[in-house]
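Novice: Following this message is one structure expressed as structure tokens.
The values are calculated or read from the model by the stated rules, or taken from the named source; none is laboratory data. Here the structure is a predicted model, which means the values were calculated and not measured. Virtual Cβ from ideal backbone geometry, glycine too; neighbours counted across all protein chains shown.
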Amino acid sequence: MERMIAVDRLARPDNHILAPLERMFQARVDQGFSPTNVMPHEEDFLKGRLHGIAVGEMQAMEAAGRTLFDFPDAPWEFQLDMARQVWDESRHAEIFIKLLEYVGSYLGEFPETEVLWSCTQIDDPACRVAGINRGLEGLACDVFEQIIRLAQRMGDEVIERAVDYVLADEITHVRMGSKWMRKLTEGDPERLKKAQDFQDNIDNLFNFQGGRTAQEASPQVPIEVGGRAIDFDSTLTIAREARILAGFTDDEIERLLKAASRSAAY
Amino acid sequence: MSSLGERVNVLGPQPIFERFATPPAMLAAAGRILSLMAAGDAEALAGMATAAGAAELAAVAAAVRPGVYDRHEIIATARLNYHHYVKARLYGPRAEPFTLQFRLGEESGEWRVWEAINLTGRRGAWTR
């Protein structure tokens, strides 16, 4: 079996539609939408977002499995954590595939992008856990917190509880990433900086040109979900409380918020 | 994806929203495009492309040997807001299957191609 497989070699069934992220953003621009992922005020938000998470969980499962396989000389405890994460992500994928059905969607209704998997294209395990566990799983904390709040406004306990259950795991994945980023780079500040820079690149990739704000700063707009009118966020939000639970420092969260507001100015 | 079974026979929460129905007119337009590809009718195909998608559609059409393929199959569709990606394959008795993917969206009441890619011999549209 091949180590360090390229981004375009991820296996998917023939009847699965894949599209690069920039092409999907262009497709949205062609229809008069923002060049971002589906936004909370859009009609398709719940279906589109849950679909994005379902395929994201699949890619997270593959990423953790790939990390386990790519670095056979990494500490045994690191390998055990990655193996555990594969198991967690596979369970999450199943949960979100069932949630898709619950909201009248299905796996494959929307195209899948390579963006999460592309974040695994680095040959240092410290960078991998910084990028995947801290960058992407930190982003998952934001996304899940927003869906939980949306479900609460909708009065839907199925979505609220299912996503809360997954969020609890993601928090442990971030903590795992912080632990291994530090352990693997102990006594090597240059390697630590490289890992942090890799995570910063990933955080910046998901700033969505100012489409992200702090939860409390997100303007509330009227939306309709399943025939019910509610007020909800007009931006993708950054979940301070969930990130603190996951072990991000205040400084790290502030940096993320500042980067998001810088993007808005462009 | 295979069906997870008859939901009405399953205890527990039932779907809260309706499934989106793939527009039959979009599927008909996709079928027409595939027929024109197989026939090598570049002019008619050009009439079904937007300005943004014309060059890509022409490049894919130029890679199809006319008269070689006699049937086609839509393998998958996926939507992004109101546009639809279509992955399809052309078959002929003496040729390797030709696989392509294109995006259809309505423009002035007509379904037109906004982008197209030749996937023959490739694993997916991620391959640059």
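Novice: Name the residues in segment A:180-199 that are without any contact (Cβ under 8 Å) to a residue 60 or more places away in the chain and surrounded by 15 or more Cβ atoms within 10 Å (Cβ to Cβ), would you?
Specialist: Passing the criteria: A:Met181, A:Thr185.
Novice: Which members of segment A:13-22 meet the condition of being within 7 Å of another protein chain (Cβ to nearest Cβ) and surrounded by fewer than 18 Cβ atoms within 10 Å (Cβ to Cβ)?
Specialist: Scanning segment A:13-22 gives A:Asp14, A:Asn15.
Novice: Tell me which residues, restricted to segment A:210-231, are in contact with a strand residue (DSSP E or B) (Cβ under 7 Å, 6 or more places away or on another chain), free of Cβ contacts under 8 Å to residues at least 24 places away in the same chain and of a type in the set (A, V, I, L, M).
Specialist: Correct list: A:Ala229 only.
Novice: I need the full set of residues from segment A:98-120 which are small (Gly, Ala, Ser), facing another protein chain (nearest Cβ under 7 Å) and within 16 Å of the chain's Cα centre (by Cα), in order please.
Specialist: none
Novice: Which of (1) under 20 Å from A:Gly211 (Cα atoms); (2) among the basic types (Lys, Arg); (3) out of contact with any helix residue (DSSP H, G or I) (no Cβ under 9 Å at 6 or more places or on another chain) does A:Arg9 not meet, given it meets every other one?
Specialist: A:Arg9 satisfies every listed condition except (1).
Novice: Against the condition in contact (Cβ under 8 Å) with a residue 60 or more places away in the chain, out of contact with any Cys (no Cβ under 9 Å at 6 or more places or on another chain) and either surrounded by fewer than 20 Cβ atoms within 10 Å (Cβ to Cβ) or basic (Lys, Arg) (or both), how does B:Ala76 come out, does it pass?
Specialist: no
Novice: Sticking with this one: Determine which single condition A:Met176 fails, assuming it passes every other condition in (1) surrounded by fewer than 16 Cβ atoms within 10 Å (Cβ to Cβ); (2) under 30 Å from A:Tyr102 (Cβ atoms).
Specialist: Exception for A:Met176: condition (1).
Novice: Considering A:Ile95, A:Ile53, which residue is within 14 Å of chain B (Cβ to nearest Cβ), under 19 Å from A:Ala140 (Cβ atoms) and at pLDDT 95 or above?
Specialist: Checking each option against the conditions leaves just A:Ile95.
Novice: Continuing with the same structure: Please give the number of the condition A:Asp70 fails out of (1) free of Cβ contacts under 8 Å to residues at least 12 places away in the same chain; (2) more than 8 Å from chain B (Cβ to nearest Cβ); (3) acidic (Asp, Glu).
Specialist: (1)
Novice: If I ask for residues that are within 28 Å of A:Leu167 (Cβ to Cβ), in a helix (DSSP H, G or I) and within 7 Å of another protein chain (Cβ to nearest Cβ), which ones from segment A:23-37 would you list?
Specialist: Scanning segment A:23-37 gives A:Met24, A:Arg28.
Novice: What are the pairs with Cβ atoms under 8 angstrom where one residue, in segment A:237-248, is part of a loop (DSSP other than H, G, I, E, B) and the other, located anywhere, is surrounded by 24 or more Cβ atoms within 10 Å (Cβ to Cβ) and among the small types (Gly, Ala, Ser)? Sequence gap at least six, or different chains.
Specialist: Pairs found: A:Ala246/A:Gly138; A:Phe248/A:Gly138.
Novice: Something else now. Between a residue in segment B:96-118 that is within 11 Å of chain A (Cβ to nearest Cβ) and any residue that is crowded, with 21+ Cβ neighbours inside 10 Å and among the acidic types (Asp, Glu), which pairs come within a Cβ distance under 6 Å, given they are 6 or more apart or on different chains?
Specialist: Partner pairs satisfying both residue conditions: B:Arg103/B:Glu115.
Novice: Working only within segment A:234-244, note down all residues that are touching a helix residue (DSSP H, G or I) at 6+ places or on another chain (Cβ under 9 Å) and either surrounded by 17 or more Cβ atoms within 10 Å (Cβ to Cβ) or more than 12 Å from A:Val174 (Cβ to Cβ) (or both).
Specialist: A:Thr235, A:Leu236, A:Thr237, A:Ile238, A:Ala239, A:Arg240, A:Glu241, A:Ala242, A:Arg243
Novice: Just for segment B:107-123: of the residues that are within 16 Å of B:Glu96 (Cβ to Cβ) and in contact with a helix residue (DSSP H, G or I) (Cβ under 9 Å, 6 or more places away or on another chain), which one is surrounded by the most Cβ atoms within 10 Å (Cβ to Cβ)?
Specialist: B:Asn118
Novice: Would you check if A:Pro40 is more than 9 Å from chain B (Cβ to nearest Cβ), surrounded by 19 or more Cβ atoms within 10 Å (Cβ to Cβ), over 16 Å from A:Trp117 (Cβ atoms) and not acidic (Asp, Glu)?
Specialist: yes
Novice: Quick check: is even one residue across segment A:44-56 part of a loop (DSSP other than H, G, I, E, B) and within 30 Å of A:Gly227 (Cβ to Cβ)?
Specialist: Yes, because at least one residue in segment A:44-56 is part of a loop (DSSP other than H, G, I, E, B) and within 30 Å of A:Gly227 (Cβ to Cβ).
Novice: Still on this structure, please answer the following. Tally the residues that are of a type outside the set (Val, Ile, Thr), away from chain A (no Cβ under 14 Å) and within 15 Å of the chain's Cα centre (by Cα), restricting the search to segment B:59-76.
Specialist: 3
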